[in-house]
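Just so it is clear, none of the values below were taken in a lab; they were calculated from the coordinates. Computed from a predicted structure; not experimentally measured. Because the Cβ atoms are built from the backbone with ideal geometry, glycine has one as well, and the counts that use them run over all protein chains shown.
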Amino acid sequence: MIGTTELMIILGVAALIFGSSKLPSIAKDVGKALGEVNKAEKELEKIKSDFTSEIQSSIQDPIQSSIQSTIDSATGLEQDMVSEEESSEPDEIEEFPEPGSDHEPDIEDKIKGEAVKYIGSKFKSKIFR
């Protein structure tokens, strides 16, 4: 900022150079010029902000729509998976008899016998290679 003393010196030099009669018209012209400069500066700032917002929207809109479509497809896949899980759940759960209950002992013996045969054959095949 220009202080009071600097302003007085500038006005004194201007009065000596241009004369006191021309000083009001010069001040008027300088004021008009400063007003035009401020007006042009505001207009440039508006053009800059319009241009920036246009660029941002041209870049941001495709990216945002791509992200939204990805989110929508992921949500759709999640819903499909949930509905598949719900449809794949059995309606009736088969209950197995507890050990020591009244189930057929001959089936249990058959299973044990088959298991012993299978394990024995695997054991023999590894030993006698």
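Details
- Working note: Cα gyration tensor of segment 1-50, eigenvalues times five, square-rooted, sorted largest first, giving semi-axes of 31, 14, 6 Å.
- Full extension of the chain between Ile17 and Met1 yields a length gain of 3.4 nm, computed as 0.36 nm times the residue separation minus the alpha carbon distance.
- For segment 29-40, 3J(HN,Hα) computed residue by residue from phi via the Karplus equation (6.51, -1.76, 1.60; θ = phi - 60°) reads 5, 5, x, 4, 4, 5, x, 5, 5, 4, 5, 5 Hz, glycine and proline entered as x.
- Kirkwood Rh in Å, taken over segment 26-82 so that all alpha-carbon pairs contribute: 15.4 Å
- For a label point 7 Å along the Cα-to-beta-carbon line of Lys46, residues of segment 22-40 with backbone N under 14 Å: 38-40
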